[in-house]
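Each remark here refers to the structure printed beneath this line.
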């Protein structure tokens, strides 16, 4: 009886691993957009936190205001990355049923830094 239960658990683990792999691959096809400057700078990121594209309105390209443009680019990319990370967590939670959500806190070992 115990052997059958263990086998069932192993099968479930294997199935979950396969679903996680599929979900992880699918994240590559999901895209989110971050923007700044009222939409004048847009960054497109996929669900794997990879920058795919960046769009900058021509009006912002001014050699005298490069620092402002750089700040807007960073803000747009960071917004897109944050949304992408949240989207990835939601998709992975669907597979794991939220089981892995608290894993980092469960695995905290005294004396180790986060």
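The values are calculated or read from the model by the stated rules, or taken from the named source; none is laboratory data. Keep in mind that this is a model prediction, so the values were computed, not measured. Because the Cβ atoms are built from the backbone with ideal geometry, glycine has one as well, and the counts that use them run over all protein chains shown.
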Residue, farthest from the chain's Cα centre (by Cα), within the range 49-76, restricted to residues that are surrounded by 13 or more Cβ atoms within 10 Å (Cβ to Cβ) and assigned to a strand (DSSP E or B): 56
Selected residue (criterion: nearest to residue 60 (Cα to Cα)) from residues of the range 1-39 that are assigned to a loop (DSSP other than H, G, I, E, B) and modelled with pLDDT of 80 or more: 37
Which listed residue, of 13, 41, is more than 13 Å from residue 85 (Cα to Cα) and out of contact with any strand residue (DSSP E or B) (no Cβ under 9 Å at 6 or more places or on another chain): 13
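Take the residues in the range 30-39 that are in contact (Cβ under 8 Å) with a residue 24 or more places away in the chain and within 15 Å of residue 90 (Cα to Cα); name whichever of them is surrounded by the fewest Cβ atoms within 10 Å (Cβ to Cβ).
Here is the first cut: in the range 30-39, the ones in contact (Cβ under 8 Å) with a residue 24 or more places away in the chain are 30, 32-37.
Subset that is within 15 Å of residue 90 (Cα to Cα): 30, 32.
Values: 30: 14, 32: 21.
It comes out as 30.
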Failed item, numbered, when residue 27 is tested on (1) surrounded by 12 or more Cβ atoms within 10 Å (Cβ to Cβ); (2) farther than 25 Å from residue 92 by Cβ: (2)
Identity of the residue in the range 59-75, in contact with a helix residue (DSSP H, G or I) (Cβ under 8 Å, 6 or more places away or on another chain) and in contact (Cβ under 8 Å) with a residue 12 or more places away in the chain, that ends up nearest to residue 36 (Cα to Cα): 72
